[in-house]
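Student: Before I ask anything, let me first share the structure, which is written out below as structure tokens.
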Amino acid sequence: MQDVIPAATTETSTETNPASTARVATHPIHPMLVSFPIACFVGTLLTDLAYWKTAEMMWADFSAWLLFFGLVMGGLAAIAGLVDFLSNRSIRALPPAWFHMIGNVVVLVLALFNSFVHSRDAWTSVVPSGLILSALTVIVLLFTGWMGGSMVFRHHVGVMN
Amino acid sequence: MGSLSDLICRDRKRGLAVSLAVCFVGALCLAGCDESAPDPKTQIGANPDLPAQQRYLVPPMHVAAVVGWKQGEAPTVADGLQIKAVAVGLQHPRSLYVLPNGDILVIESKAPGTEPIKRPKDFIMKWVESWATSGGDTGESNRITLLRDADGDGVPEVKSVFLDHLNSRSAWHSLEMNFTSQTPMPL
């Protein structure tokens, strides 16, 4: 049927998976860190909704802290992710990697703006712009998370051979 | 900046709260000077003409620079008069009280530093507020210092701590109330 075995494409490559560069004992660091910003930014949306409905200052303070720690851990996750992205040509060759990278930069920029909005006092620190930014952050996170899933589960980025 | 040569002869309000209040009032004045004065009639009644609400990502901050007295520097006084520093090295003197015998009590006070951090913003706020103090955290404050010039030569022989461990004491009258409340009641 086939005279020549086609050169392995990135989609179906079983020869060598794109390796992660920032790793500890073969475990990539980036997936260890991303849980923190994801949980923090989703939590921010929930506490913003709670503040919107109750006007209880505690929820707005929760949001501010969640954004702060989400940004700190997200910054660390971004460093690990960028090291993987920039130091491996085969990762950069994957379209989902670009969507994942650019989308998550958008997430961090949105969260940074959101932090400044949340630094206002009382109602205007959340409603409406803070709440809208929190929701946008989570929507973009859903997309970038899906792209990250494509990178690992379809393209085996960081998976051992 | 950072010079501690506070001169008692001029009531120099260098406390943090006062500095901030001055900045705030100054900002209000500036804002007020920007536009010509509106018709007062538009500002009273059931539907006053209020300025539009403004929201900022980073609020405008105008913190006045702290200018300390240089060593030996003093205000100029009229001919025939002289002026001298009664005390130097005070920590944020806020107000004075001269007792009937001529003793001077200086109320030194600053923030006690016990305010809780409620939001991440509070870290940055504390940092910005520290610009408004003279020389930052320079030592013990929140106390009342006694100055006694018994021989009347203008240089006090006694400078001692009269009361300490006070929190943000800003005025004498509240202390007077404390004295009153501590007076033993006749049984």
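Read-outs throughout are calculated quantities, based only on the coordinates presented, and are distinct from any laboratory measurement. A quick note: this is a predicted structure, and the numbers were derived from the prediction, not measured. Reconstructed Cβ throughout: ideal geometry from the backbone, glycine too, with neighbour counts over all protein chains shown.
Student: Can you figure out the FRET efficiency of A:N161 with A:V106, using R₀ = 30 Å and their beta-carbon distance, to the nearest 0.05?
Tutor: Efficiency at R0 = 30 Å is approximately 0.40.
Student: Among A:P28, A:P95, A:P37, which one shows the highest mean-square fluctuation when chain A is modelled as a Gaussian network with alpha-carbon springs under 10 Å?
Tutor: A:P95
Student: Continuing with this model, one more query. Return the long-range amide H neighbours of A:R23 (sequence gap of 5 or more, or a different chain), with a cut-off of under 5 Å between placed amide H atoms.
Tutor: Residues meeting the criterion, in which the H sits 1.01 Å from N, are A:I29.
Student: Starting from the Cα-Cα distance between B:V67 and B:E129, subtract it from 0.36 nm times their residue separation and give me the gain in nm to one decimal.
Tutor: Result: 20.8 nm gained on full extension.
Student: As an exercise, use a Förster radius of 45 Å and the Cβ-Cβ distance of B:L96 and A:A39 to find the FRET efficiency, rounded to the nearest 0.05.
Tutor: That pair, B:L96 with A:A39, gives E of 0.20.
Student: Another question, if that's okay. What is the angle, in °, between the Cα long axis of helix A:57-87 and the longest principal axis of the Cα atoms in chain A? Nearest 10 is fine, range 0 to 90.
Tutor: Helix A:57-87 and the main axis of chain A meet at about 20 degrees.
Student: Which of the three applies to segment B:60-103, rounded, prolate or oblate, going by the alpha-carbon gyration tensor with a ≥ b ≥ c and a/c under 1.5 meaning rounded?
Tutor: It is oblate, given that a/c is not under 1.5 and a/b is not larger than b/c.
Student: Given the -39500 (n - 2.57) contribution per DSSP H run of 4+ residues, what per-residue ellipticity at 222 nm results for chain A, rounded to the nearest 500 deg cm²/dmol?
Tutor: Helices in chain A give a 222 nm mean residue ellipticity of -22500 deg cm²/dmol.
Student: Provide A:I102, A:I91 in ascending order of the number of other Cβ atoms located within 10 Å of each residue's Cβ, fewest first.
Tutor: Lowest to highest Cβ neighbour count: A:I102, A:I91.
Student: Still on this structure, please answer the following. What trypsin sites (Lys or Arg not before Pro) does segment B:70-170 have in DSSP loop regions with at most 12 other beta carbons within 10 Å?
Tutor: Sparse-neighbourhood loop trypsin sites (Lys or Arg not before Pro): B:K70, B:K84, B:K118.
Student: With a Förster radius of 22 Å, plug the Cβ-Cβ distance of B:D153 and B:V77 into 1/(1 + (r/R0)^6) and report the FRET value to the nearest 0.05.
Tutor: 0.80
Student: Enumerate the amide H contacts of B:F162 below 5 Å, restricted to partners 5 or more residues apart or on another chain; note that Pro and chain-start residues carry no placed amide H.
Tutor: Here the answer is B:I144, B:T145, B:L146, since their amide H atoms fall under 5 Å of that of B:F162.
Student: In terms of Cα to Cα distance under 26 Å, which lysines are near enough to A:K53, apart from those fewer than 8 places away along the same chain?
Tutor: Within reach: B:K118, B:K121.
Student: In straight Cα distance, which lysines are under 30 Å from B:K84, not counting same-chain residues fewer than 8 positions off?
Tutor: The qualifying lysines are B:K13, B:K70, B:K110, B:K159.
Student: Using θ = phi - 60° and the Karplus form 6.51 cos²θ - 1.76 cosθ + 1.60, what ³J(HN,Hα) does each residue of segment B:123-131 get, whole Hz, x for Gly and Pro?
Tutor: Result, ordered by residue: 4, 5, 4, 4, 5, 5, 5, 5, 5 Hz.
Student: Under 8 Å for C-alpha pairs, at least 6 residues apart: give me the relative contact order for chain A, rounded to a whole percent.
Tutor: 33 percent
Student: Give a residue-ordered list of calculated ³J(HN,Hα) values for segment A:109-114 (Karplus: 6.51 cos²θ - 1.76 cosθ + 1.60, θ = phi - 60°; whole Hz; x for Gly, Pro).
Tutor: 5, 4, 5, 5, 4, 4
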